[in-house]
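The values are calculated or read from the model by the stated rules, or taken from the named source; none is laboratory data. Model, not experiment: these values are computed from the prediction. For neighbour counting, all protein chains shown are included, and Cβ atoms are generated from backbone atoms with ideal geometry for every residue, glycine included.
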């Protein structure tokens, strides 16, 4: 990638016809800007910070300090009795949040690895925004797991570390599988986030001064853009893109085994693995469109990079995933009902007709009815703010789904004497605290990390050209990578 | 009978060693076992609010249900429910820290309080819902600390606990028999709940010895029921009802 290969936009800018203009307006990859200008735009979007940003930042910090850290301190000092858990609901909102955040984290890998492997070109401007969600979502999932533990100060006992008593974690326990899977996912997704970041870090290093220069200098690992460096980087990214896909599928399958391997009615379902993976993608894609709509609406120059065509493409994916979720939901319900276990039948009845039946119906409306009725329309799914609300509804619906699977389902067990409905207490401020921390981390990252992988966009723009054959203008693609 | 169905042969570990028989027909539901268990095993007093919210700490509870529709309702006989000391316990494999383990010597499910980190997976996976979690550090008002049993650990906040079949009494009796150079005899000691039961509805002993009182009772009644046996948990407690 040298400057000579740059598409000569300026030369042809004067005389393209109306059709070409339409193409350029619509598609980012057909609307190239000079590379220097584009780099400057990304740098500027990172460095321009308004007072509104700091106001939101301060409010969120206050919520994190109060909701997450102060309340967590109270929880540790006074015990899990501060939360709403009891017999038989030993697992509460903390584990709902764990599953929820791991679900959110799936979209990053889905978008950047699967779409990269399939060479879906529309992914280019927002792979990084999605990957950041993966890492930050996993941070919240980790926090939520530790909040849930009765003696969190002994959490290191779950790690396989050498100790005098030669005690290892119990590898029969799904929780140990979970810990290994989530740690693997966190490490590999962080590396996968970092690899495509190196050229952008080098770009930022060459265009900044002061502490930023030092910061980017360290993170760019001395990247200069030589042919050899690009080859190595591409090889590493290819290996990671393929290797991380099975990791992603396995993580949520293993999370589902926490429930599926247990003996409780409503959990002991063999379809839980794929059902959870599709559910994770459902909420994850919803979260991606929400983040993209906010980034586009609030950050400078982002309207150039993130266009309605991207929302349109993600909207199609969301529609398909919503259909997949509906299928697996129905499958899970049908198989459990057909199993004929009397406790499971009682539980299924409790889901829709119990005191939280409204949540069950809201889940179906938010996860199926709303996406299906909006996303089929090309115009509607191209609208950032409309799709933002669809994403919001999907995320609320998916949170409800996890709430129904965990605290609502454990209400009904095989000992009717113990049946009791869960009432959350300290979990509510702490959940809001985790959400605030996620947004806070994202906001901080948007000041430090180029949210747009500039080099990927430029690479795509170089490969795509408008070529005129006779009277017709068509999009041609030269070989990529 | 279809002879093709193979008979399930239980290994020595799965049949269990210690067991209990509970005659629900003579249980009066007086809760003496609950009180005796709490005294013997240093259970915390959780207070009115937490007990009302399903956090009561009892290793044994008397379950009673209504049967039928109003006005023709009938109380079911009292059903003392405690850890069934399963031969194949669902709580054991799910603990990530090996805090819930099977003892080879006593064939009981042990809870290692020191090792527990409080993930509460065992309690979730227990089909009998007999595990109690220390939701807080509960205060024992004076003079109750003077009553603590020195043979039993006092648990702190954040750990799981459950019925142990009064393992401290088992050990005491075994040690005594060993020091006197003899075998432990049936009925030499019993658990706190069985000792306190005024109706003798609870009997404790060796279920692996055919001449022990519990084995005789099981044979005599002939219609003993083990709870949720269909899950394959191999419980050690047998219930008699309607005999």
Test set (1) out of contact with any helix residue (DSSP H, G or I) (no Cβ under 9 Å at 6 or more places or on another chain); (2) part of a loop (DSSP other than H, G, I, E, B); (3) modelled with pLDDT of 90 or more - residue B:141 fails condition number: (3)
So, restricting to helices (runs of 4 or more DSSP H) that lie completely within segment A:35-100, which ones have at least 1 residues that are within 14 Å of chain B (Cβ to nearest Cβ) and in contact (Cβ under 8 Å) with a residue 24 or more places away in the chain? A:71-78
Applying the selection to segment A:302-322, what residues are in contact (Cβ under 8 Å) with a residue 12 or more places away in the chain and surrounded by fewer than 20 Cβ atoms within 10 Å (Cβ to Cβ)? A:304, A:308, A:309, A:312, A:313, A:316, A:319
Count - residues of segment A:163-182 that are modelled with pLDDT under 90 and surrounded by 19 or more Cβ atoms within 10 Å (Cβ to Cβ): 0
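Take residue A:150 and tell me if it is touching a strand residue (DSSP E or B) at 6+ places or on another chain (Cβ under 8 Å), crowded, with 18+ Cβ neighbours inside 10 Å and within 14 Å of another protein chain (Cβ to nearest Cβ).
It is true that residue A:150 is touching a strand residue (DSSP E or B) at 6+ places or on another chain (Cβ under 8 Å), crowded, with 18+ Cβ neighbours inside 10 Å and within 14 Å of another protein chain (Cβ to nearest Cβ).
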Odd one out for residue A:126, checked against (1) within 14 Å of chain B (Cβ to nearest Cβ); (2) buried (at least 21 other Cβ atoms within 10 Å of the Cβ): (1)
Kindly list the number of the only condition in (1) within 16 Å of residue B:83 (Cα to Cα); (2) surrounded by 20 or more Cβ atoms within 10 Å (Cβ to Cβ); (3) away from chain A (no Cβ under 14 Å) that fails for residue B:124. (3)
Looking at this structure, is residue B:159 more than 24 Å from residue A:147 (Cβ to Cβ) and within 14 Å of chain A (Cβ to nearest Cβ)? no
Among the residues of segment B:194-236, the number that are within 20 Å of residue B:163 (Cβ to Cβ), within 14 Å of chain A (Cβ to nearest Cβ) and either assigned to a loop (DSSP other than H, G, I, E, B) or under 14 Å from the mean Cα position of the chain (by Cα) (or both) is 6
Looking only at segment B:107-121, count how many residues are facing chain A (nearest Cβ under 9 Å) and over 20 Å from residue A:259 (Cα atoms). 2
Taking the criterion of being in contact with a helix residue (DSSP H, G or I) (Cβ under 8 Å, 6 or more places away or on another chain), at the interface with chain A (Cβ under 10 Å from one of its Cβ atoms) and either buried (at least 18 other Cβ atoms within 10 Å of the Cβ) or more than 23 Å from residue B:236 (Cβ to Cβ) (or both), would at least one residue in segment B:9-30 satisfy it? no
Tell me, yes or no, whether segment A:328-337 has at least one residue that is within 21 Å of the chain's Cα centre (by Cα), buried (at least 23 other Cβ atoms within 10 Å of the Cβ) and in contact (Cβ under 8 Å) with a residue 12 or more places away in the chain. no
Being assigned to a helix (DSSP H, G or I) and farther than 30 Å from residue B:231 by Cα narrows it down to one residue among A:177, A:230, A:257; which is it? A:230
Within the bounds of segment B:22-37, is there any residue that is part of a strand (DSSP E or B) and within 17 Å of the chain's Cα centre (by Cα)? yes
Do we have residue A:276 as more than 14 Å from every other protein chain (Cβ to nearest Cβ), within 17 Å of the chain's Cα centre (by Cα) and under 20 Å from residue A:104 (Cα atoms) here? yes
Find the residue count for segment A:153-167, including only residues that are part of a loop (DSSP other than H, G, I, E, B) and at the interface with chain B (Cβ under 8 Å from one of its Cβ atoms). 1
